[in-house]
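Asker: Following this message is one structure expressed as structure tokens.
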Amino acid sequence: MTNSKLAKKKKTRKELRQSELWSKYRFICCCKRCSSLPFTYVDQSLQEISVSCRDLSGLRSDYKLFRDMADRRLTDSIEDVISEYLSVGDSASCCEKLEKILIQGLDEQLEINEGKSHSKFTLHPLHHLSLNSYTTLTSAYKVRASDLLSDDSKTDLNQTEAFDMSRTSSAYSLLLAGAAHHLFAFESSLIASVANFWIGAGESLLTLTTNSGWSRFVNSDTKFECSKCSLVNRFRACILNGQIKSEDFEIVTNEFIHCVSDITHEIWGFLVYGCNFLKSCKDPVNFSWLMSTKNSEDVAAHDIENDKCYTHESGNSIGVRDEQAYNDHTLAYIFQLGGHCLTYGGLLACICYGPNFHLVSHVQNILDHENDSLFSHNV
Ligand SMILES: [Zn+2]
Ligand SMILES: [Zn+2]
């Protein structure tokens, strides 16, 4: 292909992408990411939906139409549940409805070739609606836990159930941070969100370790410093210098993911206990279990082939263990995991907003007072 032909082809793609941005979002942007067609891996994942239907030929012929419809139906359903939760405040019903959509997708009767055909729409685990759902579920489970604890009739049963709710909330916050981090590796502009998600996951996990039932396991060697990585030192250096070299950032990110993967491996099965959707997420940090194809030119064909779509069957999660098997090691792992997430989030916030940003000082305070009041298990 000659250069001019190539340029022309690129230009048409760019125009196509921009007209789509305009029609969907009333938004035009000329940066590299917004001009890219096919979408970048990140934008493709954020929008990926699986549409399956018995009438494959009908589906193929009108694929764009069905995809748009699936997109609208899923958006409406998730947004309805979230706005109902925000207005009525029924957190239990919100959790149930969102998880049902995440696991089962939506069933629809599609009109294809003058007949009706059964079809199913499912969200990709990295779809932006899935990420929104994880955020809402993190908060809804947390609310359920504190409702149970504030109940006048404080029973042991309430305490146990409140612990289960806090644990599920922490698992969702970890999944959200891990999912956003996975996308951040391809798209650095997500840094601010990822910083917030890691800090949120870190705090949630550390709070979980303050659960009263665990106080008897506490010993004094719960420290944030990790012998296997330089994260805490790099964070402190970043605060002092106001910056970090990009090669150092790459090193510390690899170390962080390594440590977090190792620890998660030990306790993911414990954290997801009792939640079917979370159990279907095999690993919240490494997303190789997703059958998503990177930079696929032919998104439509990929989506149609049922056997290549992601599924939500349970089993084969990492670290599957009996819930009762938790002990002081579990507590130590959760503490270490929380410390890593918090510190890495603090490092990202420091890179993003500078060392004087309030979230950075907040993280620094928790690290400085590791043996004092905040997470001292003295409840
Ligand atoms: Zn742009
Ligand atoms: Zn480490």
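Read-outs: derived from the displayed coordinates by stated rules, not from any lab. Model, not experiment: these values are computed from the prediction. Positions of Cβ are backbone-derived with ideal geometry, glycine not excepted, and every protein chain shown enters the neighbour counts.
Asker: Convert each backbone phi in segment 70-85 into a coupling constant with the Karplus relation 6.51 cos²θ - 1.76 cosθ + 1.60 (shift: θ = phi - 60°), then list the ³J(HN,Hα) values in order as whole Hz, x for Gly and Pro.
Answerer: My calculation for segment 70-85 gives 4, 4, 5, 5, 5, 4, 4, 4, 5, 5, 4, 4, 5, 6, 5, 4 Hz in order.
Asker: Between Cys31 and Asp368, take the C-beta separation as r, use R0 = 41 Å, and let me know the FRET efficiency to the nearest 0.05.
Answerer: Once rounded, the FRET efficiency stands at 0.55.
Asker: Let me ask something additional. Could you give me the ³J(HN,Hα) list for segment 104-110, computed from phi with Karplus coefficients 6.51, -1.76, 1.60 and θ = phi - 60°, whole Hz, x at Gly and Pro?
Answerer: For segment 104-110, the Karplus curve yields 9, x, 10, 9, 9, 9, 9 Hz.
Asker: Report, in listed order, any pair from Lys64/Lys120; Lys228/Lys282; Lys32/Lys120; Lys64/Lys116; Lys223/Lys279; Lys97/Lys142 with a Cα-Cα distance greater than 22 Å.
Answerer: Lys228/Lys282; Lys32/Lys120; Lys223/Lys279
Asker: Which FRET efficiency, nearest 0.05, do Lys245 and Lys116 yield, Cβ-Cβ r, R0 51 Å?
Answerer: FRET efficiency, Lys245 to Lys116: 0.25.
Asker: To continue, here is another question. In a solvent-free Debye calculation with one equal scatterer on each Cα, what is log10 I(q)/I(0) for segment 166-279 at q = 0.10, 0.20 Å⁻¹, listed in the order of the q values?
Answerer: Evaluating at q = 0.10, 0.20 Å⁻¹ gives log10 I(q)/I(0) of -0.35, -1.31.
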